[in-house]
Amino acid sequence: MLDKKDFNEDIISNIDNAMIFLKRHLNLRYEFDGSPRRIEVPELPYDALREAVINAVIHRDYFEKGANVMVEIFDDRVEISSPGGLVKGLKPEEFGAKSMLRNPNIANLLQRIKYIEKMGTGINRMQNAMKEAGMRPIKFDFGGFVTAVFERAAEAFDEAGGANGGVNGGVNGGVNGGVNLLEYIKNNPGQRMPQISRSVNTPQKTLEKKIKLLKFEGKIEFRGSPKTGGYYAK
């Protein structure tokens, strides 16, 4: 674990401070669209993270003494946890499809001050934000806490400025001259982006888009630390 923080102040401060904490730790890449200012792109979409923090604040069990909303930063993931587990009567398979409020007064307050839009739509908005960013879906763990698990893209952001732009099209056929990227990674496990780029004679920016899509499709994964790890077929 790289860092961890419990949030136990007032509701609004908890939300705002959690986002400050996340922004301080997450990586950025920069894009240029011809305008004088560069565009900052976070490795995880802030909208999805903020929605997860707000959900944790709204749905936590405030009768659980000594347990607070937690944000934990790992080298490969971010976890946002809310104490109390699922609301009574809500099954794990119904999570995100049905909405049951544990703290309706808090939800109403946050809606009035424009911290949330429409009740019961937060999970879908989080997943849509991840999909639009080309990231893998958020996983949820249930137990004494409800934990949203965001897979980080730190390895891509660590190399040559990260994955440039969105993921366009599929990874079908070859990468320059008919080299199949998935087959190459299967046959050469553990290589990093620069190694693959040189071997298949493909610019890193082109390669990053294709690797990002293969990760999103669940065909490959990055193992190890952002500095020394590499790509492996699943």
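The values are calculated or read from the model by the stated rules, or taken from the named source; none is laboratory data. Please read these numbers as outputs of a predicted model, since none were measured by experiment. Note that we place each Cβ from the backbone using ideal geometry, even for glycine, and neighbour counts take in every protein chain shown.
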Which residues, counting only those in the range 55-71, are touching a Gly at 6+ places or on another chain (Cβ under 7 Å) and either in a helix (DSSP H, G or I) or outside the structural domain of THR147 (by TED's automatic domain parsing) (or both)?
ASN55
Collect the residues in the range 207-223 that are modelled with pLDDT under 85 and not in a helix (DSSP H, G or I), keeping them in residue-number order.
GLU217
Of all residues in the range 75-118 being part of a loop (DSSP other than H, G, I, E, B) and of a type in the set (Gly, Ala, Ser), which is surrounded by the fewest Cβ atoms within 10 Å (Cβ to Cβ)?
GLY89
Note on the range 26-74: residues over 13 Å from the mean Cα position of the chain (by Cα), of a type in the set (D, E, K, R) and surrounded by 12 or more Cβ atoms within 10 Å (Cβ to Cβ) are ARG29, GLU31, ARG38, ARG60, ASP61, GLU64
Looking only at the range 2-23, count how many residues are more than 24 Å from LEU110 (Cα to Cα) and out of contact with any strand residue (DSSP E or B) (no Cβ under 6 Å at 6 or more places or on another chain).
0
If you scan the range 178-226, which residues turn out to be surrounded by fewer than 20 Cβ atoms within 10 Å (Cβ to Cβ), within 21 Å of GLU43 (Cβ to Cβ) and hydroxyl-bearing (Ser, Thr, Tyr)?
THR206, SER225
The range 2-29 residues that are under 19 Å from LEU44 (Cβ atoms), paired with ones that are assigned to a loop (DSSP other than H, G, I, E, B) and among the charged types (D, E, K, R) (beta carbon under 8 Å, 6 or more apart)
LEU2/ASP75; ASN17/GLU9; LEU26/GLU43; LEU26/ARG152; ASN27/GLU43; LEU28/GLU43; ARG29/GLU43
Can you spot a residue in the range 64-83 that is of a type in the set (Phe, Trp, Tyr) and farther than 17 Å from GLU151 by Cα?
no
Name the residues in the range 186-210 that are touching a Phe, Trp or Tyr at 6+ places or on another chain (Cβ under 7 Å) and closer than 20 Å to ASP75 by Cβ, would you?
PRO189, GLY190, GLN191
Pairs only if they're at least six apart or on different chains, beta carbon under 6 angstrom, first in the range 83-105 and touching a residue at least 24 places away in the same chain (Cβ under 8 Å), second small (Gly, Ala, Ser) and not in a loop (DSSP other than H, G, I, E, B); list them, first residue then second.
LEU101/ALA107
